[in-house]
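Here's the structure, in structure tokens; my notes come after.
Derivation of every value follows stated rules applied to the coordinates shown; laboratory data play no part. Everything numeric in this text was worked out from a predicted model, so none of it was measured. A quick note on method: Cβ atoms are made from the backbone with ideal geometry, for glycine too, and the neighbour counts reach across all protein chains shown.
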Amino acid sequence: MSTLTPEELEERLGDPADDTNPYGFAAAVARDERDEFPEELCAELVRAGFHRNYLPKEWGGAFESFDRSLTLVRSAARRDVNVMPGTMFSIIAATCLQLHGSVEQQQRAAEILRSGGAVAFALTEAAHGSELLTNEVRLTPESTLTGEKWLVGLGLRGEAVYVVARTGERGPGAFSAVLLETDRIPEGRLERVPAPRTGGMRGIDLATLRFHDTPVPEDALVGRRGEALEVAVKAQQAVRLMSMAGSLGIADTAVRIALDFATGRRTGRTALVESPWSKRELSVAAAALLAADAAALSAARGVHVVPEAFSVWALSAKHVVAEATDDLIRRSGTVLATRSVLREGAPGAGLFQKLQRDSQVVRVIDASTLANLRSYAGQLPTLTEGTAPADEDAVHSVFSLDAPLPPYEPARLDMFARGQDPVLAGLPDTADALPDGLGEAA
């Protein structure tokens, strides 16, 4: 079982600035130019056991806590954020199966994922986007699937696929889930084609799945009929944590490129990093990175402590991290100036443009910005009117990085916070307890 650390991962993958390193920046840019999946890098990560760090130990995985997994994914994503979907896209299907899969379904998924395989997740449809209640792919009374899913992560190579399909006529209870093993589907009944190409995160496995009266075995139904949409929405909360790790990896590299350039570049007798304007831009970029870091780590710890409230935590943290990352990339680009748009030569040899484009995809990889904000806004009344008492121990567990965390319990995730957030309730007292000046600023 893997006990991989970020330090061990860095040592194993070598110097990212080495142009001959197949796991370095130059290789990532070359793959980007070719729209190529990071096969070699992902294979090396699988050999290292990287992919097991989101799998529960009862599945043969190495998951301990989300803050640990987030830090590990962030370390790999600094080199190429495509490793996140390349090795961990199956986290949403795995979480759904943890929540309502049978023992046999969980065992089969664990077998696939332990070996470095993939279980795809098919939810959205091109005609409906984030309007999930209008989805049309249907599981018929004759136990066949009809319709088309799009942007299915690892849909081309997945050994199995978790499909959310309509079984009723209206409301969230109109959807059920099935788990299909792709090698058991008769020829011609499932068509898997590449999804439309993306501007960023080029080469990742996104597919369109077309179901042509695809037969669904009796044992393929996951959980009870009518509960799939609720389970899928809950599971997306875990995906947002991994997407934040991707954003942080991008942010780390963007700031590092700009800082390295500004340190080595001189304007007259002054290093660019010492000029007032560049110093300001780099300082604000670094502050944005710290803010994103704090939001992501707090969320990664919060899902262990107050999972019932995590529907709000995940949305707010994802938004803060995405906005901060975009802001620091823009500021880093202003320091790089003309060199931020060059596809060849130092600094980065095209890497900075890849970071810019990748960041735009990461921010919508689980849901659109509008969908996230709409869901967040819909829960605000329950939070502001909630009566959950403050819990000092919970506040300490979340924000003290050396405090032990309770086990992650995905069954405690909820679609709505329902006013249950003892950490939020405890923040005013925490702010008051800060040293003079800091409390007022908070």
Subject >> the stretch 91-239 shape via C-alpha gyration tensor axes, a/c threshold 1.5 >> reply: rounded
**OP:** Please give the calculated 222 nm ellipticity per residue for the chain, where each DSSP H segment of at least 4 residues contributes -39500 (n - 2.57) and the sum is spread over every residue; nearest 500 deg cm²/dmol?
**Re:** -15500 deg cm²/dmol
**OP:** Working from Cα positions, state the angle (0 to 90°, nearest 10) between the long axis of helix 310-336 and the longest principal axis of the chain.
**Re:** 40 degrees
Original post:
How far apart, in nm, are two points set 7 Å out from the Cα along the Cα-to-Cβ line at HIS212 and at SER400?
Top reply: 6.2 nm
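Can you tell me the relative contact order of the stretch 39-79? Whole percent, Cα pairs under 8 Å, sequence separation 6 or more. Walk me through the intermediate numbers first.
Numbers: 22 pairs, mean separation 8.7, N = 41.
Once normalised by length, the contact order is 21 percent.
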Subject >> Where a label projected 7 Å from the Cα of GLU36 along Cα→Cβ would reach, residues of the stretch 173-201 with amide N under 18 Å >> reply: 198, 200-201
Original post:
Under 15 Å from the Cα of LYS354, which aspartates and glutamates turn up, not counting those fewer than eight places away in the same chain?
Top reply: ASP32, GLU33, ASP35, GLU36, ASP80, ASP252, ASP326, GLU344
Original post:
Counting other C-beta atoms within 10 Å, which of ARG189, ARG184 has the fewest, and how do the rest follow?
Top reply: ARG184, ARG189
Original post:
Cross-link partners among lysines for LYS149, C-alpha distance below 26 Å, same-chain residues fewer than 8 apart left out?
Top reply: LYS234, LYS318
Subject >> Kirkwood Rh (inverse of mean 1/r, distinct Cα pairs), the stretch 179-267, angstrom >> reply: 17.7 Å
Subject >> Prolate/oblate/rounded call for the stretch 1-151, Cα gyration tensor, a/c under 1.5 rounded >> reply: oblate
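Dipole magnitude of the stretch 108-158 about its Cα centre, charges +1 at Lys/Arg Cβ and -1 at Asp/Glu Cβ only, in debye to the nearest 20?
Once rounded to the nearest 20, the dipole reads 300 debye.
Starting from the Cα gyration tensor of the stretch 70-140, take the square roots of the eigenvalues, sort them a ≥ b ≥ c, and report rounded, prolate or oblate (rounded when a/c is under 1.5, otherwise prolate if a/b is larger than b/c, else oblate). Before the final figure, lay out each step's value.
On the way: a/c = 2.61, a/b = 1.27, b/c = 2.05.
Note, shape of the stretch 70-140 comes out oblate.
About the Cα centre of the stretch 21-116, what is the dipole size in debye to 20, counting +1 per Lys and Arg Cβ and -1 per Asp and Glu Cβ, all else neutral?
Details: 11 positive and 13 negative charges, 59 e Å.
With only Lys, Arg, Asp and Glu charged at Cβ, the dipole is about 280 debye.
Run the dipole for the chain about the Cα centre, Lys and Arg Cβ at +1, Asp and Glu Cβ at -1, nothing else charged, and hand back the magnitude in debye, nearest 20.
The dipole of the chain has a size of about 1140 debye.
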Subject >> Farthest toward positive dipole pole in the chain [+1 Lys/Arg, -1 Asp/Glu at C-beta], among SER340, LEU156, SER247 >> reply: SER340
Original post:
Can you pull out the GluC sites (Glu not before Pro) in the stretch 332-414 that DSSP calls coil and that have at most 14 other Cβ atoms within 10 Å?
Top reply: GLU344, GLU385
Subject >> Translational diffusion coefficient (Stokes-Einstein; Kirkwood radius from C-alpha pairs) of the chain at 25 °C, 0.890 mPa s, in µm²/s >> reply: 108 µm²/s
Subject >> Cα long-axis angle, helix 228-264 against the chain (0 to 90 degrees, to the nearest 10) >> reply: 20 degrees
**OP:** Give the angle, between 0 and 90 degrees and rounded to the nearest 10, that separates the Cα long axis of helix 66-77 from the longest principal axis of the Cα atoms of the chain.
**Re:** 70 degrees
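If you add up the charges near ASP35, with Lys and Arg at +1 and Asp and Glu at -1, over every other residue whose beta carbon is less than 10 angstrom from its beta carbon, what do you get?
Numbers: positive: ARG31, ARG34, ARG197, ARG202; negative: ASP32, GLU33, GLU36.
Cβ neighbours under 10 Å give a net charge of +1.
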